[in-house]
Amino acid sequence: MPGPQELLVIAVVALLVFGPDKLPDLARNAARLLARFRSETQRSVAEFKRAADLEDLDREIRGISRELQDTKRAVTQPFDDAFADAAGTARRPGSAVGGPRFRPADDPPPFDPEAT
């Protein structure tokens, strides 16, 4: 950052180069450009912060989604196991225990000649 002496030298050189008539207009334009540059910079910084916040939120949502899937698995697993056990221990044809009898998939249905 230039000190006060350097700024004074720059002002004198600008006064000599551009003259006293154009110097106020140039100073106004320079101030406008500087203000616009600052506002654009602040807007860009705000945009980067917003993008970083969105990235953090997205990461948090993914984590919550994984936790929900794990919880769903933990809750439904006992029921899935119970159904699998029930299907695996179904009674086979010819079993001594009463109740419905299941036919293997490759066994054709019984044929009743009187029914036709």
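A few points about this structure:
- Contact map, segment 26-51: first residue free of Cβ contacts under 8 Å to residues at least 12 places away in the same chain, second residue surrounded by 10 or more Cβ atoms within 10 Å (Cβ to Cβ) and among the hydrophobic types (A, V, I, L, M, F, W, C), Cβ cut-off under 9 Å, separation 6 or more or different chains; pairs are Ala27/Ala14.
- For Arg92, the conditions (1) at pLDDT 90 or above; (2) open to solvent by 100 Å² or more (accessible area, probe 1.4 Å); (3) among the charged types (D, E, K, R) are fulfilled apart from (1).
- Condition check for Gln42: assigned to a helix (DSSP H, G or I), at negative phi and open to solvent by less than 100 Å² (accessible area, probe 1.4 Å): no
The values are calculated or read from the model by the stated rules, or taken from the named source; none is laboratory data. Predicted model only: the values in this text are computed from it and were never measured. Cβ sites come from the backbone with ideal geometry, for glycine too, and all protein chains shown count toward neighbours. What goes into the accessible areas is simple: the full protein's heavy atoms, side chains included, and nothing from ligands, DNA or RNA. Shrake-Rupley method; radii C 1.70, N 1.55, O 1.52, S 1.80 Å.
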